[in-house]
Each structure stands twice: as structure tokens, then as C-alpha cells.
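Reading through the C-alpha cells given below for one structure.
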Amino acid sequence: MTTKRVQIKLSHGLEARPVALLVQEASKYDSTIYIESGDKKVNAKSIMGMMSLGLDNGEELTVTAEGADEETAIVNIEKFLSSEE
């Protein structure tokens, strides 16, 4: 299992379009991927779960991945969340 704290650097936070793109990114991997913020933990491959977090630019979250490609998944999800659109 790999875990990493990530700060969101998307200018508009995780609105509908960026959430959809993040779910697409997470779905590329066989690993189980979770995003945690505060007391909520959701499957990164679930668009409804991700929308329920209501994350904004500058917030920190924890990305956890477990599986054969967990390290690649964490690296690429961090790149996505850190890309200033």
C-alpha cells in the first residue's frame, strides 16, 4: 500500500469536469485507490463519491493506492491534482 499527502493546485478545485477527469485517471489502474479528506474516504474511481468531497484549490488530501500498479497510480494522480489548469 502506498499513501501520499497531496495539495490540490487546480485553479477551480475539483468541480464536475476535473472530478470526471480524475475518475478517468484513477480508472486506468488496477489498484484500489482511495481519496481521504477530513473524515471522508471515497473510492477515487467513483464519480459520485469524489463529488461528495467538495474539494477546493489549496486543500490537502490523502491518496492511498493498493495493488500491482499502486506507485504509478499515486504519481500520476498527484501530477493531475498538481497541474495548475
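Overview of results
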| quantity | calculated |
| --- | --- |
| Output for the stretch 42-85, where each listed residue is hydrophobic (A, V, I, L, M, F, W, C), without any contact (Cβ under 8 Å) to a residue 12 or more places away in the chain and out of contact with any helix residue (DSSP H, G or I) (no Cβ under 6 Å at 6 or more places or on another chain) | 48, 75 |
| Of all residues making up the stretch 64-85, the number that are acidic (Asp, Glu) and either in contact with a Cys (Cβ under 6 Å, 6 or more places away or on another chain) or part of a helix (DSSP H, G or I) (or both) | 3 |
| Filter pass, residue 39 being among the charged types (D, E, K, R) and at pLDDT below 95 | yes |
| Output for the stretch 14-41, where each listed residue is buried (at least 16 other Cβ atoms within 10 Å of the Cβ) and either out of contact with any strand residue (DSSP E or B) (no Cβ under 6 Å at 6 or more places or on another chain) or touching a residue at least 40 places away in the same chain (Cβ under 8 Å) (or both) | 14, 18, 19, 22, 23, 25, 26, 29, 31, 33 |
| Leading residue by the ranking (surrounded by the most Cβ atoms within 10 Å (Cβ to Cβ)) among those in the stretch 42-59 that are more than 20 Å from residue 70 (Cα to Cα) and in contact with a Ser or Thr (Cβ under 8 Å, 6 or more places away or on another chain) | 55 |
| Residue identified as under 22 Å from residue 11 (Cβ atoms), out of contact with any His (no Cβ under 7 Å at 6 or more places or on another chain) and part of a strand (DSSP E or B) among 55, 61, 21 | 61 |
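The values are calculated or read from the model by the stated rules, or taken from the named source; none is laboratory data. Quick caveat: nothing in here was measured; it's all calculated off a predicted structure. Neighbour counts run over all protein chains shown; Cβ positions are idealised from the backbone, glycine included.
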